[in-house]
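Asks: Quick one: this structure, given as structure tokens, is what I'll be asking you about.
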Amino acid sequence: MNTGTNGYKKTHKRVLNKRAVLWLGQTCNLRCQFCYFLERIESASHKEHPFMTLEKAKAICSCLVDFYHNNAIDIQGGEPTLYREILELTQHCRNIGLLPTLITNAVLLCKRTRCSELKAAGVRDLLISVHGLGDNYDSLVGVKGASKKQMAALENIVAENIPFRFNCVLSKTTLPELMAISELAHNTGARVVNFITFNPFEDQHNSDKLSDGNVANYTDVKAYLTPAMDYLEDVGIECNVRYLPMCMAEERHRKNIYNFQQNPYDLHEWDYVSWSWTALKPQRMRDGEITKPVDRRTISLETMQFPVALKFATDAVQKLIRTYPHTRAPIEALYREISFAVNTVKQKLGRGNREEDFYRDNALVRTSQCDYCYSAKCKMCSVQGICDGFHGDYASIFGADEAAAIELGIKIYDPTYYISGQEKVVEEEDYDWAF
């Protein structure tokens with residue numbers, strides 16, 4: 001453990017996270033080309049476009065504490081600083097033991113009073129979307145002058161001593177700026193930098209707007225990403241890369257790669273159990289009541305994965321339950337045990353931790369939903385079992401021939417195999433359970 005200062009320490013210990021996520025509504029002041037929810041942001045008539053009421057947001061947050069036992073939350077919009085009641089919601093989260101982070105472009109925080117108000121309300125930190133610099137940023141987000149306001153906001157955030165981290169989407173035009181963005185993180189005092197590779201979820205999935213003209217291939221990404229990661233390591237800033245095949249990173253950087261199987265071990269990522277609930281449409285819309293929360297043991301049916309040869313069993317069980325809903329509970333219990341035995345997850349992981357098994361199974365389903373795929377070379381790779389492979393949309397543009405088998409002499413099934421070698425930030429409020 002690194003005994004750091006300024007309200008956090010660093011550790012190699014990996015534990016499951018307890019962080020929730022809340023979407024207030026898809027209303028935003030920018031129009032990022034790669035936004036997951038761009039269609040919902042541009043369409044005022046979309047049911048997820050308007051912000052929800054404060055009462056509904058509070059009810060969701062209270063459920064995240066009382067039912068899911070989360071202790072932190074990422075609040076996002078759209079853009080959460082546009083939400084009129086953001087200060088009251090932030091204070092509510094702090095009061096009920098849900099430490100609030102805003103995922104924000106920070107443009108409105110160019111007014112220092114906005115920063116001081118957020119700090120007084122109890123915001124824990126900010127995750128700032130720095131997807132480029134200067135004119136490139138303005139072009140990517142569709143608003144002239146946005147970068148200038150974001151840089152002014154950073155000065156205010158630093159002056160108010162609000163902790164912050166960076167998110168950076170690796171769009172094609174941003175790659176040449178990765179070193180400058182990394183230097184900005186160091187010069188301003190960012191605790192963490194997350195680089196996010198091609199991952200077209202939600203509105204971007206299967207989009208006809210994506211092509212090799214605006215999407216960078218992994219080989220080009222690696223050329224710019226490697227020196228930026230080396231720099232961040234040298235200056236002591238935690239660096240994470242989301243959704244990159246393991247083989248597309250240098251060996252020394254594989255500890256920084258967080259795909260679906262690794263994300264549950266990042267304290268700043270989302271708990272898959274509560275995420276599965278807040279991601280449901282009723283919890284993302286202004287209108288309507290929230291749905292009844294569901295425990296992980298009753299939502300795990302859809303997450304169980306049989307080998308391909310036994311896929312008929314999955315289909316048959318799900319059809320049976322759809323036809324006879326009253327059979328769900330007894331069948332689910334048996335189904336879970338059979339799936340667990342078939343996959344021998346306990347033996348493969350060598351830990352026998354059923355909770356971690358659940359998260360791994362859930363991660364595998366998420367990759368399936370995004371049509372992740374492997375190349376023929378991946379079959380020879382020692383870490384295929386802990387690597388997502390290539391997003392289906394990426395493969396439709398570039399294929400998967402960039403893959404290279406990592407040969408270790410043994411097959412790896414422990415998602416923490418590489419990431420246990422990374423020093424990660426743990427905030428002071430989490431010392432009692434994360435160490």
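The values are calculated or read from the model by the stated rules, or taken from the named source; none is laboratory data. Just so you know, these numbers come straight off a predicted model, no measurement behind them. All Cβ positions, even for glycine, are placed from backbone atoms using ideal geometry, and neighbour counts span all protein chains on display.
Asks: Does ASN161 fit the bill of being in a loop (DSSP other than H, G, I, E, B), within 18 Å of ILE103 (Cα to Cα), at pLDDT 95 or above and not aromatic (Phe, Trp, Tyr)?
Replies: So ASN161 fits the description; yes.
Asks: To continue, here is another question. Filter region 133-142 for residues that are in contact with a Cys (Cβ under 8 Å, 6 or more places away or on another chain) and either surrounded by fewer than 19 Cβ atoms within 10 Å (Cβ to Cβ) or not in a helix (DSSP H, G or I) (or both) and give the result.
Replies: Answer for region 133-142, where residues must be in contact with a Cys (Cβ under 8 Å, 6 or more places away or on another chain) and either surrounded by fewer than 19 Cβ atoms within 10 Å (Cβ to Cβ) or not in a helix (DSSP H, G or I) (or both): just GLY142.
Asks: Let me ask another. Please find, among ARG366, ARG351, the residue that is at pLDDT below 85 and part of a helix (DSSP H, G or I).
Replies: Just one listed residue meets the conditions, ARG366.
Asks: Under 8 Å by Cβ, and 6 or more places apart or on different chains, what pairs join a residue from region 222-248 that is in the same structural domain as ASP393 (by TED's automatic domain parsing) and within 30 Å of TYR413 (Cβ to Cβ) with one that is surrounded by fewer than 18 Cβ atoms within 10 Å (Cβ to Cβ) and aliphatic (A, V, I, L, M)?
Replies: Within 8 Å, no pair qualifies.
Asks: Continuing with this model, one more query. Any residue at all in region 143-156 that's of a type in the set (Ser, Thr, Tyr), under 30 Å from TYR394 (Cα atoms) and either in a helix (DSSP H, G or I) or in contact with a Leu (Cβ under 8 Å, 6 or more places away or on another chain) (or both)?
Replies: yes
Asks: Select from region 249-266 the residues that are free of Cβ contacts under 8 Å to residues at least 60 places away in the same chain and closer than 28 Å to GLY189 by Cβ and list them in ascending order.
Replies: Correct list: ALA249, GLU250, ARG252, HIS253.
Asks: Would you mind telling me which numbered condition in (1) closer than 26 Å to TRP433 by Cβ; (2) touching a strand residue (DSSP E or B) at 6+ places or on another chain (Cβ under 9 Å); (3) part of a helix (DSSP H, G or I); (4) of a type outside the set (A, V, I, L, M) SER62 fails?
Replies: (2)
Asks: What residue, of ILE419, ILE406, ILE412, is of a type in the set (A, V, I, L, M), touching a Gly at 6+ places or on another chain (Cβ under 9 Å), over 26 Å from PHE34 (Cα atoms) and at pLDDT 95 or above?
Replies: Result: ILE412 is the single residue among ILE419, ILE406, ILE412 that is of a type in the set (A, V, I, L, M), touching a Gly at 6+ places or on another chain (Cβ under 9 Å), over 26 Å from PHE34 (Cα atoms) and at pLDDT 95 or above.
Asks: Find the residue count for region 165-219, including only residues that are at pLDDT 95 or above, part of a helix (DSSP H, G or I) and within 20 Å of TYR137 (Cβ to Cβ).
Replies: The qualifying residues number 14.
Asks: Take the conditions within 23 Å of the chain's Cα centre (by Cα) and surrounded by 22 or more Cβ atoms within 10 Å (Cβ to Cβ) and apply them to VAL169. Does it pass?
Replies: no
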